[in-house]
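Take a look at the structure set out below.
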Amino acid sequence: MSDPDPGLGVYSISVAAELSGLNVRSLRLYERHGLLRPTRTSGGTRRFSQNDLRRLQRIGELVTDGVNLTGIGKILDLEQDTYQLRTENTALRADNTRRVAEPTDDPARREHAAQAREPDRHRTAARQTPGHEHREQSRPG
């Protein structure tokens with residue numbers, strides 16, 4: 001037997017409250033404020049998932065830190081956005097690494113790939129060129 005999908009609602013509200021260490025009333029309040037979105041059965045019964053329980057844990061931490069419910073909603077949204085951006089960034093970096101490492105018959109692409117692997121010597125040299133220092137000039141006063 002395998003573990004259920006972490007997004008699958010399997011826990012009733014009373015079980016979710018017990019597992020999270022919160023009370024049923026708090027879970028309903030968090031749902032009303034849009035902090036939770038448990039699935040519902042055809043009869044309307046809430047079903048909480050492992051993901052919901054992790055979210056409840058985070059909500060509890062933020063409540064303990066003194067953050068109000070509106071602030072918690074904003075923090076959770078920003079954390080989710082950050083997670084998605086990091087995931088996309090990792091995928092793009094892996095794709096770029098793969099593309100640079102690919103052999104190619106296109107000379108322009110080969111040149112671009114070679115430049116991507118080498119440090120920019122021109123930029124470094126420009127910073128070290130003498131005579132670009134700022135000299136304070138005294139003005140007659």
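The values are calculated or read from the model by the stated rules, or taken from the named source; none is laboratory data. Because the structure is predicted, anything quoted here is derived from the model rather than measured. All Cβ positions, even for glycine, are placed from backbone atoms using ideal geometry, and neighbour counts span all protein chains on display.
Quick notes
- Filter result for the condition that a residue is of a type in the set (Lys, Arg) and under 25 Å from residue 83 (Cβ atoms), over 40, 28, 46: 46
- Qualifying residue in region 8-16 (condition: under 22 Å from the mean Cα position of the chain (by Cα), loosely packed, with under 15 Cβ neighbours inside 10 Å, touching a residue at least 40 places away in the same chain (Cβ under 8 Å) and not assigned by TED's automatic domain parsing to the domain that holds residue 111): yes
- Among the residues of region 59-74, the ones that are in a helix (DSSP H, G or I) and exposed (fewer than 15 other Cβ atoms within 10 Å of the Cβ) come to 5 in all.
- Verdict on residue 44 being of a type outside the set (Asp, Glu), out of contact with any Gly (no Cβ under 6 Å at 6 or more places or on another chain) and surrounded by 10 or more Cβ atoms within 10 Å (Cβ to Cβ): no
- Inside region 24-39, residues that are touching a residue at least 12 places away in the same chain (Cβ under 8 Å) and over 26 Å from the mean Cα position of the chain (by Cα) make up a count of 1.
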